[in-house]
Structure formats: structure tokens, C-alpha cells
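Engineer: My questions all concern the structure below.
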Amino acid sequence: MKRLPAIAAGILLAGSVNLYLSPESSEVYFRLGAEALARSSGGRSGGGSFRSAPSRSSGSSRPSGSSRPSSSGSSFSRPSRPSGSNPSWEYRPYQQPGGSYNRNPVIVPVPVGPRVYSPSNSNPANQSGAGYSGSPASTAGENDWIAGLILLGVAGSVVFFLVYLGIRAARNAGGGAVSNELSNDTVTVSKVQVALLAQARYIQTELTKLSLEVDTSTHEGLVQLLQESALALLRSPENWSHVLGSSETVKTLTDAEALFNQLSIAERSKFSVETLTNVGGRISRKAFKPDPDEDPASYIVVTLLVGTAHDQPLFSEIKTADALKAVLEKLASLPSDYLMVFELLWSPQEETDSLTYDELLTEYSAMIQI
């Protein structure tokens with residue numbers, strides 16, 4: 001009976017301890033339950049919509065209020081009559097249906113056939129009256145020469161037309177695929193997650209400054225946010241430690257929106273508090289007090305969630321640094337028309353906060369070391 005209190009205390013202690021294996025070694029780590037639930041601050045910025053993206057909007061129209069300039073009320077002076085002309089000559093500008101005049105005279109070209117020269121024309125003996133009719137031999141030669149030119153022109157026109165049709169078909173084949181991607185409901189949702197060593201703390205400052213300056217309520221702002229975020233990661237390859245990537249294509253906008261929100265909620269739930277948000281142009285900041293007894297910072301995790309109009313996944317799994325570099329370069333150079341939704345998430349957001357090695361293994365266990 002005296003051992004019962006000790007047994008009960010041991011059971012309670014065992015329930016509050018977490019044991020796990022490090023993926024890099026066979027060492028066993030243990031930690032009290034309260035520490036296992038420790039989380040860090042997070043930042044979030046982005047915006048956009050799958051249903052009102054620029055790639056699915058109608059073509060641009062003439063701005064309201066803009067119209068072709070009218071010629072009413074403008075002065076018009078009649079030019080002077082040319083010397084030596086018929087006295088009945090009078091300049092009349094072209095009158096448009098609306099009653100206005102076109103100031104520039106319309107020049108209508110009149111084709112004139114080539115003059116055929118025959119040596120026999122120079123002999124007065126062969127001429128009779130005002131007209132002249134050449135010999136049958138010369139007339140046949142002239143007709144052959146004219147027929148040859150006509151045939152050559154027709155053949156050249158046919159060749160040119162065939163080449164033009166071929167070039168046009170090739171362009172339409174390439175442009176048709178792009179137009180189809182931008183107009184159908186097939187959407188690709190991609191996620192790129194990178195863990196960096198804590199010595200890259202300048203990325204926290206850069207992402208915070210970028211999120212506060214970019215107007216996330218505009219499509220141009222989202223494009224800039226995506227480009228600058230990808231470039232910030234590309235500038236620190238020496239600090240990459242872990243990576244996780246996925247790209248999935250769905251057939252409807254509803255499924256795309258559901259998948260994107262699912263990925264976003266899963267990442268946001270790993271934060272203890274979102275200390276900085278700028279979504280759709282609305283900026284919000286919250287105070288955060290880090291735990292003074294927490295271990296020193298070891299990592300920074302940056303997540304890019306992208307929804308694009310592509311009909312195929314942007315990439316396969318990311319398992320190496322070279323593959324990560326290629327994907328980040330592709331995102332940084334993404335065509336503006338293809339970007340529909342983008343969200344940037346990073347943790348910790350506060351520079352005084354820390355993300356320890358144990359927290360990385362707990363909250364981001366699916367990441368692969370590179």
C-alpha cells in the first residue's frame with residue numbers, strides 16, 4: 001500500500017512526457033507535455049480569388065467617357081486655287097456621314113498598265129493612220145511575255161498564301177493551348193515550404209517589410225509579393241535545411257478553393273498567434289511575448305501557397321536543393337495572367353521569437369532534409 005502513491009506519480013509523469021526519434025540519428029529525445037505544445041509567432045500576407053482572377057475576366061474595353069475626338073467647332077480654310085486650272089475647279093473636302101469633314105484628302109490610286117514598246121513602232125512605213133497593229137510574230141511574243149508574268153505572279157501568290165497559312169496555324173496551335181488554360185476551370189494549387197537556419201534572420205525582416213509595403217488588394221501587388229518572396233529564398237541557398245513541396249491539379253474552382261483553404265488552415269494552425277497579417281489589403285498586428293525559458297532559435301520556416309491557371313502540376317516532389325532552386329525560379333518568373341491566389345506564411349515572425357529544433361520536428365514533421 002505504501003507504493004501506491006509512488007506508482008500513481010510515475011503514471012502521471014509518464015503521461016506528460018513525449019518520446020520521439022530524431023530522423024537524423026537514433027538518439028531518443030524526451031520532453032514534457034507542456035513544452036511539446038510550444039509554438040511560435042507567425043506572419044501571413046496575400047490575397048486573390050479563384051473566381052475573379054484576371055485570367056478569367058473579360059477583355060479590356062474602352063474606358064467610360066472616352067470617345068473619338070469630334071471635329072465640330074474646328075475652323076477650316078479653303079486652299080488657294082492652283083494656277084492654270086479650269087475656272088470651274090473647286091476643292092470639296094470629303095464629307096463623312098455625320099456631317100463632319102475629313103481634313104486630309106483621300107488619294108485613290110488608279111492602276112495604269114505598262115506601255116509595250118515594239119521596235120517596229122519606230123518605222124513610219126509600218127504605221128497607218130492614228131493606230132498601229134504589230135505583226136503576228138511580235139504580238140505572239142508580247143502575249144507570251146505577259147502570260148509568263150501572270151503565271152509567275154499567281155505561283156508566287158499561292159506559295160506566299162500557303163506559307164502564311166502554315167505560320168498562322170502554328171501560332172494558333174500554341175496560343176490556343178494558352179487561351180484554353182486561362183479560360184477553363186482547371187486550376188493547379190501548389191505548396192512550397194522551406195526551413196532555413198536561424199542565421200538567416202534577415203529573411204524575417206525582409207518578409208515583414210515586404211508584407212507591409214505591398215498592396216495585396218491588387219493583382220499587381222500579389223505578383224510582386226510572390227516574386228520578392230521567391231527571390232528572398234533564392235538569395236539564401238546556403239541556409240536551406242529542410243523542404244516540402246506539392247503541386248496538385250483540380251478540375252473545378254470549388255475544389256481548388258477548398259484545397260487552398262485546407263492547406264492554409266493547416267499551416268496557420270501551427271502558429272501560436274499571427275502577429276502580422278496583410279490579406280486583401282487589410283493589415284493587422286498583434287502583440288506577442290516570447291517565452292524567456294525557450295531554447296535559442298534554430299530555424300525559420302517560409303511557406304508559399306500558390307493557385308495558378310495551369311492545367312498541369314508545376315512540379316513533382318522536391319527532394320534536393322537543385323530541385324528547390326528550379327521551383328523557386330519558376331514561381332518568381334510566373335506569368336502574371338496565370339496567378340490567381342497567393343499566400344505567404346512564415347514563422348517565427350517576431351525577430352525575438354524562436355523556432356527550436358524540437359518544434360520543427362513536431363510541427364513540420366513531413367519536411368525532408370536537404
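The values are calculated or read from the model by the stated rules, or taken from the named source; none is laboratory data. Please read all numbers here as calculations on a predicted model, not as lab measurements. To get the accessible areas, we keep the full protein, side chains included, count just its heavy atoms, and leave off ligands, DNA and RNA. Shrake-Rupley method; radii C 1.70, N 1.55, O 1.52, S 1.80 Å.
Engineer: Solvent-accessible area per residue for segment 262-370 at a 1.4 Å probe radius, Å²?
Structural biologist: That works out to 46 Å² per residue.
Engineer: While we're on this one: For segment 198-253, take the convex hull of the Cα atoms, compute a quarter of its surface area, and give me that in nm², please.
Structural biologist: It is 5.4 nm².
Engineer: Right, here's the next one. Between Rg and the Kirkwood Rh of segment 248-352, both from Cα atoms, what is the Rg to Rh ratio?
Structural biologist: 1.01
Engineer: Leaving out same-chain residues fewer than 8 places away, which lysines sit with a Cα under 26 Å from that of Lys270?
Structural biologist: Partners found: Lys191, Lys209, Lys286, Lys289, Lys319, Lys325.
Engineer: Which whole number of Å³ per residue matches the convex hull of the alpha-carbon atoms in segment 153-280?
Structural biologist: Cα-based convex hull of segment 153-280, divided per residue, equals 187 Å³.
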